[in-house]
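**Student:** Before we start, here is the structure in question, set down as structure tokens.
The values are calculated or read from the model by the stated rules, or taken from the named source; none is laboratory data. On a predicted model such as this, the values are computed, not experimentally measured, just so you know. All Cβ positions, even for glycine, are placed from backbone atoms using ideal geometry, and neighbour counts span all protein chains on display.
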Amino acid sequence: MRVELIVAEIGSTTTVVNAFSAVKENNPRFLGQGMAPTSIAEGDVTLGLRRAEEDLAKNLGTSSIEADEVLCSSSAAGGLSMSVHGLVPDMTVRAAREAALGSGAVLRMVTSGKLGPRDLQKLTSIAPRVVMVAGGTEGGERETALFNFEQIAQLKMNVPILYAGNSDNHEDIRALADEHEALLYLADNVYPSVDQLNSKAARHVIQAIFEEHIIHAPGMAHIREVVTGTIMPTPGAVMAMTEKLYEVMGDLLTIDVGGATTDIHSVTRGSEALYEFSVDPEPLAKRTVEGDLGVFINRAHVLEAMNAKECASLPDDYRELLDKVPEIPRNEEEMALIMPLVRSCCREALDRHAGRMSEIFTARGRRRVVRGRDLTAVKTLIATGGALTRFSNVEPMIRELLRAPEPERLYPPPDLRVMMDKDYLMASSGVMAATYPEAAVRLMRNSLDIGTIGGNDVVS
């Protein structure tokens, strides 16, 4: 059987493939889905990809599947691991961190100020796939970023180094890169002026670096033999689709619970009523990734993160029973065992993503301030990822969590619209959106069962 397009999502534990037709005509049809365990341990992710395609063929009632075009997102082999090095924690470091996370990266190291010998030792040991250097507003401080770039270049790590700091340094940065034979990429300053974040340009460059260099990750050497088009970091693809849906749905939040991580993506400017209380700039689109919250690889961490109420609801032999559940639960009983982990991941990740209202004491007396992400203007929550899209009773669980935060937490309202990505297409649509934006939004419209949104059913 021949189809127009296959989009693969190669996760840390599971590989999913989705088949589509009539994408180029902007009247797309979702044909079916197949999945298999990811084959990183076998040294070649294409083995798991082929098995997922075999499962897809079986589900479609045919012997084999061929596609005119194959796109891909991946978080396998550690995904897009990065380190970020800036000047001031609440300014350039924070801006660079937001750019890296928004692109789909997993941050392994974040530093501020000049790098010391131990910092450089740690950087060498964690071996990130991309290193990002920032620092200085436009026309501002230059020395720290130049120092850090040279120190990193001298390590000869043979990884791309992205410079996204004060553009006054560009000429010197290019000279240092030439001198030390460093692989240099340049992006616009992520913190061009006080209280202004500018992550979009850096995000695009990071994703381009990922696509160019993903073949060097463990098990990914043969990926270009089967993928004909775009390869994106899976979290970056989910963020891209969340941003696309924001254009027609307004302020929204996406929760993605996976086998290794739990990601939350929000696109919102926050409440106008609280804007004057904000003390730190926030990007329009923000992602947080919780690398210790996953329902397979990080089960032990999730169990430790459970609160007393959650632990009390579990049977005494819960850990024994859980050890027998594989990457993909095989029946309703195994799904029921995973559900407490899913709830804990959502609760903990929401708590970390949301900002809070607090009080500080100033020379003029006590003052209320907003720190972090204000989610009170969010009107729609989308649940995606293997866990949330395959389990029952997810919506009541999410609504319960939204009714139970601490008073100062800036959560979305509990009566918001909760929408299930029933076809599990969020990441696939995000990859597709770069080339076929109208088709991607139509597919997500169908997966979310929302019909026409705000009088429009496409995004240009």
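**Student:** Considering segment 61-101 alone, what residues qualify as being within 27 Å of Gln33 (Cα to Cα) and either part of a helix (DSSP H, G or I) or among the hydrophobic types (A, V, I, L, M, F, W, C) (or both)?
**Tutor:** The initial filter retains those residues of segment 61-101 that are within 27 Å of Gln33 (Cα to Cα), namely 61-80.
Hits for segment 61-101 are Ile65, Ala67, Val70, Leu71, Cys72, Ala76, Ala77, Leu80.
**Student:** A further question on this structure: Is it the case that some residue within segment 33-43 is more than 15 Å from Pro326 (Cβ to Cβ), assigned to a helix (DSSP H, G or I) and not aliphatic (A, V, I, L, M)?
**Tutor:** Of all residues in segment 33-43, those more than 15 Å from Pro326 (Cβ to Cβ) come to 33-34, 40, 42-43.
This time we only want the ones that are assigned to a helix (DSSP H, G or I), so: 40, 42.
Narrowing the set further to residues that are not aliphatic (A, V, I, L, M) leaves 42.
Yes, segment 33-43 contains a residue that is more than 15 Å from Pro326 (Cβ to Cβ), assigned to a helix (DSSP H, G or I) and not aliphatic (A, V, I, L, M).
**Student:** Which residues, counting only those in segment 1-29, are surrounded by fewer than 19 Cβ atoms within 10 Å (Cβ to Cβ) and touching a helix residue (DSSP H, G or I) at 6+ places or on another chain (Cβ under 9 Å)?
**Tutor:** The first filter runs over segment 1-29 and keeps only residues surrounded by fewer than 19 Cβ atoms within 10 Å (Cβ to Cβ), leaving 1-2, 4, 21-22, 24-27, 29.
Hits for segment 1-29 are Met1, Ala22, Lys24, Glu25, Asn26, Asn27, Arg29.
**Student:** While we're here: Name the single residue that is farthest from Val45 (Cα to Cα) among those in segment 224-278 being buried (at least 24 other Cβ atoms within 10 Å of the Cβ) and small (Gly, Ala, Ser).
**Tutor:** Once the filter is applied, the top-ranked residue is Ser266.
**Student:** Among the residues of segment 192-209 satisfying the criterion of being in contact (Cβ under 8 Å) with a residue 60 or more places away in the chain and either outside any helix (DSSP H, G or I) or in the same structural domain as Phe277 (by TED's automatic domain parsing) (or both), which is nearest to Gly11 (Cα to Cα)?
**Tutor:** Among them, the one singled out is Ser199.
**Student:** Just name the residue that is surrounded by the fewest Cβ atoms within 10 Å (Cβ to Cβ) out of those in segment 313-351 that are under 24 Å from Glu400 (Cβ atoms) and in contact with a Ser or Thr (Cβ under 6 Å, 6 or more places away or on another chain).
**Tutor:** Step by step, filter segment 313-351, then rank; the result is Ala349.
**Student:** Here is a further query. Among the residues of segment 302-312, write down those that are crowded, with 16+ Cβ neighbours inside 10 Å and either within 26 Å of the chain's Cα centre (by Cα) or free of Cβ contacts under 8 Å to residues at least 12 places away in the same chain (or both).
**Tutor:** Val302, Leu303, Ala305, Met306
**Student:** If only one of Asp168, Asp178, Asp188 is within 27 Å of Gly236 (Cα to Cα) and either in a helix (DSSP H, G or I) or modelled with pLDDT of 95 or more (or both), which one is it?
**Tutor:** Asp188
**Student:** Report, ordered by the first and then the second residue, all pairs with beta carbons closer than 8 Å, sequence separation of six or more or different chains, a first member in segment 172-184 that is free of Cβ contacts under 8 Å to residues at least 40 places away in the same chain and assigned by TED's automatic domain parsing to the domain that holds Ile161, and a second member that is surrounded by 16 or more Cβ atoms within 10 Å (Cβ to Cβ) and of a type in the set (Asp, Glu).
**Tutor:** Leu176/Glu150; His180/Glu150
**Student:** Can you report the number of residues in segment 401-438 which are outside the structural domain of Glu272 (by TED's automatic domain parsing), over 16 Å from Thr234 (Cβ atoms) and hydroxyl-bearing (Ser, Thr, Tyr)?
**Tutor:** Qualifying residue count for the region: 2.
**Student:** Of all residues in segment 396-454, count the ones that are within 30 Å of Arg356 (Cβ to Cβ) and in a loop (DSSP other than H, G, I, E, B).
**Tutor:** 14
**Student:** Which one of Pro315, Pro281 is outside any helix (DSSP H, G or I), modelled with pLDDT under 90 and either under 30 Å from Pro437 (Cβ atoms) or within 15 Å of the chain's Cα centre (by Cα) (or both)?
**Tutor:** Pro281
**Student:** With in a loop (DSSP other than H, G, I, E, B) and either modelled with pLDDT of 95 or more or not assigned by TED's automatic domain parsing to the domain that holds Asp292 (or both) as the only criterion, which of Lys58, Lys114 stands out?
**Tutor:** Lys114
**Student:** Quick one: would you say Glu276 is among the acidic types (Asp, Glu) and at pLDDT 85 or above? Walk me through how you get there before you give the answer.
**Tutor:** Numbers: among the acidic types (Asp, Glu): yes; at pLDDT 85 or above: no.
Judged against the criteria, Glu276 is not a match.
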